[in-house]
Structure formats: C-alpha cells, structure tokens
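The values are calculated or read from the model by the stated rules, or taken from the named source; none is laboratory data. Treat the numbers as computed from the prediction; the structure is a model and nothing was measured. With ideal geometry, Cβ positions are generated from the backbone for all residues, glycine too; neighbour counts draw on all protein chains shown. When the accessible area is computed, the model is the full protein with side chains, heavy atoms only, and any ligands, DNA or RNA have been set aside. Shrake-Rupley method; radii C 1.70, N 1.55, O 1.52, S 1.80 Å.
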Amino acid sequence: ATPSAPLPPPGEPGDRVQFSEFVAANVRLSELRNGAPLSTKAAAHYARGQLAAALRKRPYQTNLLIAGHDATGPSLYWVDYLATMHPMNVAGTGYGSYFALAMLDRLWRPDLTLADAVGLMDKAIEEVRKRLVVAPSAFVVKVVDKDGARVVKTVRPAEEGGGGGAGGGGVPAVGVAG
C-alpha cells in the first residue's frame, strides 16, 4: 500500500472493496509509469474524478478518507459518493462519526504528536462506545506518516473494560491529519 491509498471506506461491500482497490492499484500504476509517486492531493483528485465519471453510469455507493504524507506534509481528504471532495483536519464516516467528530474538531491542533493523535482516537472510541447503541466490537487505529501506513493498535472491549461490542458490522473510519 502507498501512503496515499484510501483508508477502508464504508458503503456496500462490493463497491467499497472494488473501488478502493481500483484507486490504490491505479495510484500505484501511475507511480510505476511515471517513476514518481502521486501526491496525496493528486490521489484524492483521481479518486474524485473516477467517482464523478461513474456517477453518470453506475455510481459507487461508498465514501473515502484518503490520507497521506508527501513533500507538502500530512493531509487528509474526504470524498463522498457524489464525488464531493474536501481537505480536512479531522474526518470520519459511519454512524460513530456523528458522535466523535465534534470532539475531534475541538481538540485537534496542528502540532499533534503521534501520542496525542492516538489519545484523540482513544477518546473518540470511548465516545462511540458510550453513545452508539450497536457499537463495533473492535476499532483499528492506523497512522499514515512519512514512514508509510501502519496499524498502531486494535482496541477491543476486553482491553478497555466494556462498552459497545454488540456487533455493528465493520470498523468505523476516523482520520486525524497533523
């Protein structure tokens, strides 16, 4: 995976898997053809363009969070199924994001360290577990930085003493740039 590859998106399983793999493969193909990786902004624009073209034929039912770290620094883009794209400092998708985004927006600052960002994700996970009736059974915290994309930790109910765990289908995606 490249640092500019989309994070796992929500939506219909067929659309989300096919479209995210399609974008990641074409971003990688561009890198191989041109000898240089696409910037995160260029990858986000490519994904938005593909969603816009598909909108008139057979629309994909998926939203994307595209995160990356390139020469301009860290960046995060939100692209919805109608091909609307916005650069974001914090972003989320899925029902849990309705509970977490206001808090993340309030607590985000440009000089976040990795430990601070993981702490924000812990607070967001706690909020989702408290307020979402059917919270996911696991949360995967990932980081995309100058070293690439990697999983920082996976949080399960047994690790933090309760909350959620009733199912919920899928792991919500929430991103913090900085």
(request) Could you bin all the Cα-Cα distances of segment 43-168 into 5 Å bins starting at 0 and give me the percent of pairs in each, rounded to whole numbers? (result) 2, 10, 17, 20, 19, 16, 11, 5, 1, 0
(message) Please report the accessible area of His86 (heavy atoms, 1.4 Å probe, ligands and nucleic acids excluded) in Å², nearest 10.
(response) 90 Å²
(request) Over segment 117-158, give the accessible area per residue in Å² for a 1.4 Å probe, as an integer. (result) 54 Å²
(request) Grab the other residues whose beta carbon is less than 15 angstrom from that of Ala36, score K and R as +1, D and E as -1, and report the net. (result) +1
(request) Could you tell me which of the pairs Lys130/Lys153; Lys57/Lys142; Lys41/Lys146; Lys41/Lys123 are separated by over 24 angstrom between their Cα atoms in the structure shown? (result) Lys57/Lys142; Lys41/Lys123
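Counting alpha carbon pairs within less than 8 Å and at least 6 residues apart, what relative contact order, in whole percent, applies to segment 1-140?
Relative contact order for segment 1-140 comes out at 20 percent.
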(message) Give me the dipole magnitude in Debye, nearest 20, for segment 1-137 about the Cα centre, with unit charges on the beta carbon: positive for Lys and Arg, negative for Asp and Glu.
(response) 360 debye
(request) Within the set of other residues whose C-beta is less than 14 Å from the C-beta of Leu107, count the net charge using Lys and Arg as +1 and Asp and Glu as -1. (result) -3
(message) Tell me the net charge near Tyr77. Cut-off is 13 Å between Cβ atoms, Tyr77 excluded, with +1 for each Lys or Arg and -1 for each Asp or Glu.
(response) 0
(request) Calculate, for segment 34-80, the solvent-accessible area per residue in square angstrom, rolling a 1.4 angstrom probe over the heavy atoms of the protein chains. (result) 50 Å²
